[in-house]
Amino acid sequence: MIKVGIIGATGYAGAEIVRLLQGHPNAEVVWYGSRSYIDKKYSDIYGNFFKVVDDKCLDDNMDELADAADVIFTATPQGLCASLVNEAVLSKVKIIDLSADFRLKDVSVYEKWYGIEHKAPQYLEEAVYGLCEINRDKIKSARIVANPGCYTTCSILTAYPLIKEGLIDPDTLIIDALSGVSGAGRGAKVANLYCEVNESAKPYGVATHRHTPEIEEQLSYAAGKDILLNFTPHLVPMNRGILSTEYATLIRKNGSLPSSDDIRKAYEKYFGKEKFIRLLPDGVYPETRWVEGSNFVDIGFKVDERTGRVIMMGTIDNLVKGAAGQAVQNMNILFGLDEAEGLTILPSFP
């Protein structure tokens, strides 16, 4: 049985890890870490765990936790994991970090976009970017797994096969993405109040969103060169979900544009055997409601011959595949388990 510790267990992503692990046959949570709720019963914070989780919340002492657990999930704000991790901890336990602390390889890029000093840059090179469908072989032997962000997971997977196969010009890539309010976390913020969000939709972080360099870095690996792209996130009045709509110019080969069959073959080549990626039939496009509560990624596309572009669409649950579900999937890879353990729950509707 894998012993799991969670730092940040009372945030939305942390609570989702707890929920998923209740159905995991090979893992048990031994530490519910929460700086804000020390000694408070976990089920008093989240009533859905009443008579399911009887434990009280503990602190975020990673050194002590490393002696009690086999793997630590850090579902915390940027900067905390990097300030706590050290060689003594890593000699005892695996770290799966849901913040951005170890996602970017260039410390100067991290410090520019996040506006804080990185406390453990010595671990950036060895940390593995935990996008399971692309990096699973590297994840298997990692000590630190940088769990990708929600926008980035959806945006990268939606475009990856077409960039990898040279079917689109990555420098023409434009990404518009929509997110539910839970993506902003559980902290009290005026902009996220019901009356501020309901019956409205708004772009934010225009040309400045922190997930931009993460998307660029990972898709640059796929392209084999550095790329720049436009990424614009939007907040919409729903609890969960990410919908990413992406546009790029198709690359002509022998004077002809890639066909829909060419595009589908590229997706099938990279994702055809992936349990959690569902490539939709022609003319069917992703909807957030069909992935809610699940670890699935739904992807659709449309070739626009008139403009010579392709429109790619992907959707995920931001708290599952965009956070907790992917973290559990990473844990399964680290410990040699079936990736789907604890993640077979179907989307819930309505």
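Here are the numbers for this structure:
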read-out: Filter result for Asn239 (in contact with a Gly (Cβ under 8 Å, 6 or more places away or on another chain), free of Cβ contacts under 8 Å to residues at least 60 places away in the same chain and not charged (D, E, K, R)); value: yes
read-out: Given (1) assigned by TED's automatic domain parsing to the domain that holds Leu65; (2) of a type in the set (Val, Ile, Thr); (3) more than 22 Å from Val328 (Cβ to Cβ); (4) touching a residue at least 60 places away in the same chain (Cβ under 8 Å), index of the condition Ile168 fails; value: (1)
read-out: Odd one out for Asn239 among (1) under 23 Å from Tyr129 (Cβ atoms); (2) in contact with a helix residue (DSSP H, G or I) (Cβ under 6 Å, 6 or more places away or on another chain); value: (1)
read-out: Residue satisfying condition, being farther than 24 Å from Leu90 by Cα, touching a Cys at 6+ places or on another chain (Cβ under 6 Å) and of a type outside the set (Ser, Thr, Tyr), within set Ile311, Ile316; value: Ile316
read-out: Strands (runs of 3 or more DSSP E) (entirely within region 1-108) containing at least 3 residues that are surrounded by 14 or more Cβ atoms within 10 Å (Cβ to Cβ) and of a type in the set (A, V, I, L, M); value: 2-7, 27-33
read-out: Tally, over region 274-317, of residues that are more than 17 Å from Thr344 (Cβ to Cβ) and assigned to a loop (DSSP other than H, G, I, E, B); value: 12
read-out: Residue list for region 109-135, filter: within 19 Å of Thr212 (Cβ to Cβ) and not in a loop (DSSP other than H, G, I, E, B); value: Val109, Tyr110, Glu111, Lys112, Trp113, Tyr114, Tyr129, Ile134
read-out: Selected residue [buried (at least 19 other Cβ atoms within 10 Å of the Cβ), in contact with a strand residue (DSSP E or B) (Cβ under 7 Å, 6 or more places away or on another chain), over 15 Å from Tyr221 (Cα atoms) and at pLDDT 95 or above] from Ala177, Ala159; value: Ala177
read-out: Candidate set from region 87-137 (those that are free of Cβ contacts under 8 Å to residues at least 12 places away in the same chain and outside the structural domain of Ala9 (by TED's automatic domain parsing)); member that is nearest to Ala324 (Cα to Cα); value: Asn135
read-out: Selection status of Ser244, in contact with a Cys (Cβ under 7 Å, 6 or more places away or on another chain) and under 19 Å from Thr152 (Cα atoms); value: yes
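The values are calculated or read from the model by the stated rules, or taken from the named source; none is laboratory data. Predicted, not measured: the structure shown is a model, and the values here were computed from it. Don't worry about glycine lacking a Cβ; one is built from the backbone with ideal geometry, like all the others, and counts go over all protein chains shown.
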